[in-house]
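Peer 1: A single structure is presented below for examination.
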Amino acid sequence: RIIADMTADAIRDHDLLTDKVSWSTGLRDLFGHNVGDPIDQAWWGRMIHPHERDAILASLDTALSSDAAYWMGEYHFRRADGTYASVLDNAYIMRNEDGRATRLIGSMVDITQQLELADVASNAALEERQRLAHTLHDSVSQSLYSISLLAEAARRRALAGEQQAVTDYVARLGELTLQTLRQMRLLLYDLRPGVLEQEGLSGALRHRLEAVEHRAGIRARLIDHTLSPIPPALQRDMFWIAQEALNNSLHHAAATAVTVTLSPEGDEIVLQVSDNGRGFDSAARADDGGLAAIDRRVSDLRGTLVVDSHANQGTTLTVRVPVQ
């Protein structure tokens, strides 16, 4: 009894000869039912969801009438407030010398939260697959289609003897191929398991630069001046911001070099992403989807965002966020 009451499970001791059932305090703690009420096996059956009741009771009867030593069932069990909990029920069956079942000791575990978390994880994985499929269709597929059109156009111009046009088409083919290769490397990086939890913000940024920018032919470096640890939640936000900035540079800036800098200033953490790309009019940045998303995230963190960019002079994005 002491051991049963110390566990978080709802444990029942069912005397199959007298049909008397005793429950641990877990029945009250998990499901709200009064342990002192007269409770028998029929009551337990009535608490099982009607859609599952017949199958669960039949499964238990089969185990009891056989020589099985264990029984397990997963079903929905009604709480005292009328809602249903997902439970995993494991039972040990005791038998006499004739093999007749005389006693059953079961343990009901509430797995509602675990199943809900599994559903959330499954939905998140599905949304991520859909996002990657959308990106693959909108960027890589269109680039490959453009490459095929340019190759066909170059072939026709070559047959017509238009050497200059062929040279122009081949140059454009090289640019599109390089752009598509960069897009594919970014997709492959997105498919890899995250390293943020294992290596922290600095390690995750270094891994990103090596896996994407370096392999795309971009000179990339990370300068990390942080000494004290950064809260895990803030690390996730800062990594997301850095990735969005790097993605913008990769897709739009045509940069050949990029630098990511992390530094503490007072009670703030400063993230700076600089590239030597084509630049843009920073006054119109609110209309840009990627920068607008970064701006919203920084605002949620009660931080500030400054974008310094000029045509053909590169772009520097500076984010300041309070550590606490």
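The values are calculated or read from the model by the stated rules, or taken from the named source; none is laboratory data. No experiment lies behind these values; they were computed from the predicted model shown. Cβ atoms come from the backbone with ideal geometry, glycine included; neighbour counts cover every protein chain shown. Surface accessibility is based on the protein's heavy atoms, side chains included, excluding ligands, DNA and RNA. Shrake-Rupley method; radii C 1.70, N 1.55, O 1.52, S 1.80 Å.
Peer 1: With every protein chain left in place and a probe of 1.4 Å, what is the accessible surface of Thr18, to the nearest 10 Å²?
Peer 2: Its heavy atoms expose roughly 90 Å² to the probe.
Peer 1: Taking the Cα centre as origin and putting +1 on Lys and Arg beta-carbons and -1 on Asp and Glu beta-carbons, what dipole magnitude results for the chain, to the nearest 20 debye?
Peer 2: 1120 debye
Peer 1: Note the full-extension length gain between Glu175 and Val323 as 0.36 nm times their separation in residues minus their Cα-Cα distance, in nm to one decimal.
Peer 2: 49.1 nm
Peer 1: Using the beta-carbon distance between Tyr145 and Thr261 and R0 = 35 Å, what value does 1/(1 + (r/R0)^6) give for FRET efficiency, to the nearest 0.05?
Peer 2: Calculated value: 0.35.
Peer 1: Enter the angle in degrees (range 0 to 90, nearest 10) between the Cα long axis of helix 232-248 and the first principal axis of the Cα atoms of the chain, meaning the one along which they spread out most.
Peer 2: So the inclination is approximately 40 degrees.
Peer 1: Let me ask something else about it. Can you tell me the 0 to 90 degree angle between the C-alpha axis of helix 196-208 and the longest principal axis of the chain, rounded to 10?
Peer 2: 20 degrees
Peer 1: Could you work out how much longer the chain between Glu116 and Asp13 gets when fully extended? Use 0.36 nm per residue separation minus the Cα distance between them, nm to one decimal.
Peer 2: Result: 34.2 nm gained on full extension.
Peer 1: Any idea what angle helix 142-159 forms with the longest principal axis of the chain, computed on alpha-carbon atoms, 0 to 90 degrees, nearest 10?
Peer 2: 40 degrees
Peer 1: A follow-up question, please. Put a dot 7 Å past each Cα toward the Cβ at Val306 and Glu199; how far apart are the dots in nm?
Peer 2: It is 3.0 nm.
Peer 1: Given labels modelled 7 Å from the Cα in the Cβ direction, how far is it in nm from Leu64 to Tyr84?
Peer 2: Output for this residue pair reads 2.3 nm.
Peer 1: Using helices alone, I'd like the mean residue ellipticity at 222 nm for the chain: each DSSP H run of four-plus residues gives -39500 (n - 2.57), total over residue count, nearest 500.
Peer 2: -15000 deg cm²/dmol
Peer 1: Here's a follow-up. Take the Cβ-Cβ distance between Ala55 and Ser22 as r, set R0 to 22 Å, and report the resulting FRET efficiency rounded to the nearest 0.05.
Peer 2: Calculated value: 0.30.
Peer 1: Treating only the Cα positions of the chain as identical point scatterers, give the base-10 log of I(q)/I(0) from the Debye formula at each q in 0.09, 0.10, 0.13 Å⁻¹.
Peer 2: Debye curve over Cα of the chain, log10 I(q)/I(0) at q = 0.09, 0.10, 0.13 Å⁻¹: -0.71, -0.77, -0.94.
Peer 1: In the chain, carbon and sulfur make up what percent of the accessible area (probe 1.4 Å)?
Peer 2: Answer for the chain: carbon and sulfur cover 53 percent of the accessible area.
Peer 1: Choose one of Leu104, Trp43, Ala154: the residue whose Cα lies farthest towards the positive end of the charge dipole of the chain (beta-carbon charges +1 Lys, Arg; -1 Asp, Glu; about the Cα centre).
Peer 2: Ala154
Peer 1: While we're looking at this one, here's another question. Need the C-alpha centroid separation for the stretch 290-324 versus the stretch 40-107, integer Å.
Peer 2: After rounding, the separation between the Cα centres reads 58 Å.
Peer 1: Need one number: the % of Cα-Cα pairs in the stretch 206-324 sitting beyond the 18 Å mark.
Peer 2: Cα-Cα pairs in the stretch 206-324 separated by more than 18 Å: 48 percent.
Peer 1: Okay, next question. The stretch 216-277 to the stretch 166-183: how many Å between their Cα centroids?
Peer 2: 28 Å
Peer 1: Taking 0.36 nm per residue of sequence separation and subtracting the Cα-Cα distance, how much length would be gained by fully extending the chain between Asn34 and Ala233, in nm to one decimal?
Peer 2: Extra length available between Asn34 and Ala233 comes to 67.5 nm.
Peer 1: Using only the alpha carbons, work out the radius of gyration and Dmax of the stretch 227-275 in angstrom.
Peer 2: When restricted to Cα atoms, the stretch 227-275 yields Rg and Dmax of 12.2, 35 Å.
Peer 1: Something else: Can you list the residues, at least 5 places off or on another chain, whose amide H is less than 5 Å from the amide H of Arg79, using H built in the peptide plane?
Peer 2: So Arg79 has HN proximity to Tyr84, Ala85.
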